[in-house]
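A short write-up of the structure that comes next.
Just so it is clear, none of the values below were taken in a lab; they were calculated from the coordinates. These numbers were taken from a predicted model, which means no experiment stands behind them. Cβ coordinates were reconstructed from backbone atoms using ideal geometry, including for glycine residues, and neighbour counts include every protein chain displayed.
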Amino acid sequence: MTKTIVVLPAYNAQKTLIKTVEAISPDWVDEIILVDDASSDQTVALAKKLNLKIFLHDKNKGYGANQKTCYKEALKRGADLIVMIHPDYQYDPRLIKYMVSLMEDGYCDVVLGNRIRSRKEALAGGMPVYKYFSNRFLSLCENILSGYNLSEWHTGMRAYKREVLENIDFENNSDDFVFDSQVLFQVIEKDYRIGEVPAPVRYFSEASSINFMRSLRYGLITLWVAFKFFLKNLFKK
C-alpha cells in the first residue's frame with residue numbers, strides 16, 4: 001500500500017488552518033504533518049486540536065527551512081508520496097487526489113498545482129497585478145533557461161515521490177523562498193517527470209503573502225539561480 005503524507009509548512013496560519021485541514025480527504029491521505037516556524041499566534045494549539053503530527057522550530061528559520069523539516073520528517077515516517085500545501089487555504093486540498101493519482105499511475109514523479117490558466121482567472125481570484133506579471137516573467141525566464149515549459153514555477157502546492165526527495169540535495173538549498181525554484185531545478189537536473197494540475201487561485205485577507213520589496217528580492221535571487229543552472233548545464237554539453 002502506498003503511504004501518502006501531507007506536509008504543512010506553517011507560520012501564523014491560525015485563521016486558515018482549520019479550513020485547510022478539513023478539506024484534506026482521509027481517503028487519499030494517511031497522515032498530516034505540520035511544521036511550525038515559531039508562529040506568534042495559535043497555530044500550534046489548533047494543530048493539536050486537529051490531532052496533527054506537529055514539529056516545532058524553536059525560532060523562525062524561514063520558508064525553505066520549514067520545508068526541509070517537512071520533507072525530512074515525512075521521509076522518516078515512511079511516506080511514499082509527499083504532498084506539500086500551504087496551510088493558508090489559497091490552494092484547494094481536494095486536488096490532492098489528482099496529484100496522487102498521476103504519481104501512483106506512473107505518469108509523473110513530481111506534480112505541481114498551477115494557479116495560472118489565464119490572466120483573467122488569476123486576477124479574478126485576487127492575485128495582485130504585480131504578482132501576476134512577476135510570476136509570468138520569472139516562469140518564462142526559468143523555462144527558457146531550463147529548457148522546460150512549466151505553467152508556473154512558484155506554486156505552493158507540490159507533490160513528490162519519495163525517491164525524488166531522496167535523490168536531490170534539498171537540505172543544502174536556501175532557507176528562504178527561493179527554495180522552491182532550487183528544488184525544481186534539482187528535479188530537472190535528475191530528469192524526473194513533472195506534471196501539473198489546475199489549482200485556481202484564491203487570494204483573500206487571511207491568506208499569507210510576502211510584500212513587494214521581499215517579492216523583488218525573491219525575483220532577483222530566482223533569476224540568479226536560474227542563470228547559474230543554465231551556465232552549469234551549458235558547459236556540461
Margin query: Along the Cα→Cβ direction, 7 angstrom out, place labels at L56 and V129. What is the inter-label distance in nm?
Written below: 4.5
Note to self: Between I18 and F212, what's the calculated FRET efficiency when r is the beta-carbon distance and R0 is 30 Å? Round to 0.05.
What the structure shows: 0.50
Note to self: What does the charge count around S215 come to, taking other residues whose C-beta lies under 14 Å from its C-beta (Lys +1, Arg +1, Asp -1, Glu -1)?
What the structure shows: +2
Notebook entry, point to check: Which whole-number value in Å³ per residue fits the convex hull of the alpha carbons of the range 4-236?
Noted result: 117
Check: In straight Cα distance, which lysines are under 18 Å from K68, not counting same-chain residues fewer than 8 positions off?
Finding: K53, K59, K76, K161
Check: How big is the antiparallel share of DSSP beta bridges in the chain, given as a percent to the nearest 5?
Finding: 30
Check: Where Rh denotes the Kirkwood radius from the mean inverse Cα pair distance, what is Rg over Rh for the range 69-166?
Finding: 0.99
Note to self: At 7 Å along Cα-to-Cβ for each site, give me the label-to-label distance between L220 and R77 in nm.
What the structure shows: 3.9
Next item on the list: Would you look at the GNM of the chain, springs on alpha carbons closer than 10 Å, and say which of D109, D37, D80 moves the most?
Entry: D80
Check: Taking Cα pairs under 8 Å and at least six residues apart, what relative contact order does the chain come out at, in percent?
Finding: 24
Notebook entry, point to check: What aspartates and glutamates could a cross-link reach from K48, if we take a straight Cα to Cα line under 18 Å and drop same-chain neighbours fewer than 8 places away?
Noted result: E22, D30, E31, D36, D37, D58, E73, D88
Next item on the list: Run the quick spin-label model on D105 and S40: label points 7 Å from Cα toward the beta carbon, then report their separation in nm to one decimal.
Entry: 4.6
Notebook entry, point to check: What is the set of long-range amide H partners of Y203 at a cut-off below 5 Å, with H atoms built 1.01 Å from backbone N?
Noted result: G126, M127
